[in-house]
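The numbers here are math on the coordinates, done by the rules we state, and not lab data. Here the structure is a predicted model, which means the values were calculated and not measured. Note that each Cβ is placed from the backbone with ideal geometry, even for glycine, and that neighbours are counted across all protein chains shown.
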Amino acid sequence: MKTFILELLLLLAAIDVVNGQNANFTLRSNFQFPAEPIAGVWGYEQNGHEFALVAGRQNLHIVDVTKPDTPILIISLPMASDWGKEVRTFQQFAFVSSESGAGLVVYDLSQLPSTNPDHYPKKEIAKAGGYNTYGHTLHIDTAAAVLYLNDGGSSHSWVFSLLPAPFSPDFMGFYQILGGIHDGYADNDTLFAAHIFSGFVAVVDMHNKLNPIVLSTFETPGKFPHNT
């Protein structure tokens, strides 16, 4: 009986912890884009202001969320139309993936919160390694200053170095040793690659960009890893 009571108390404590995880979230406001579907979103901070970088079908929207009860749209930067955009940041630069148009696009955000479009220089990296840089997802390993642009799972991911010039990423090669990935997460040159159509996640040593080393693989429930 004592064992049963102890197990019951532990179960109730675990349930309380799970319930408590949601208690710290409060909806403060919402911001809608009624004329445009939205894909990816990312947070960015500069000079004491917080911004939501919102990747829509046709624009990169920048919303000031410093006061979360009253978000303010700063500017919408036009891009090629597609539904799969994602956005990430490194230093004062925003990197946006696109499945059409110029492909990978870089914006300089150093003059935020300006409302003048001319204050946001743009660099388009249309091709790398002989392919149009049509990326479905992207991730930046900030510790290694490396950007991964993923084609969605078809065949490969582009690998770019962001140093010494983030505005002009340096193409370093492909990650394609086990085929294409839908999405990935990397930290300090260790990549967790979601091989969506193969049904497994690969853990990869990416220190040598020309010779990635697969450390291990594991299947996910349903064998359909969408992201890591």
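Of all the residues in the stretch 145-159, those that are more than 21 Å from ALA80 (Cα to Cα) and in contact (Cβ under 8 Å) with a residue 60 or more places away in the chain number 1.
Anything in the stretch 93-121 that is of a type in the set (D, E, K, R) and over 20 Å from ILE38 (Cβ atoms)? List them, or say none. ASP108, ASP118 - these are the residues of the stretch 93-121 that are of a type in the set (D, E, K, R) and over 20 Å from ILE38 (Cβ atoms).
Do we find that ALA102 is buried (at least 18 other Cβ atoms within 10 Å of the Cβ) and in contact (Cβ under 8 Å) with a residue 40 or more places away in the chain in this structure? In short, no.
Evaluation of VAL201 against the conditions (1) in contact with an Asp or Glu (Cβ under 9 Å, 6 or more places away or on another chain); (2) part of a strand (DSSP E or B); (3) within 25 Å of PHE90 (Cα to Cα) shows that the sole unmet condition is (3).
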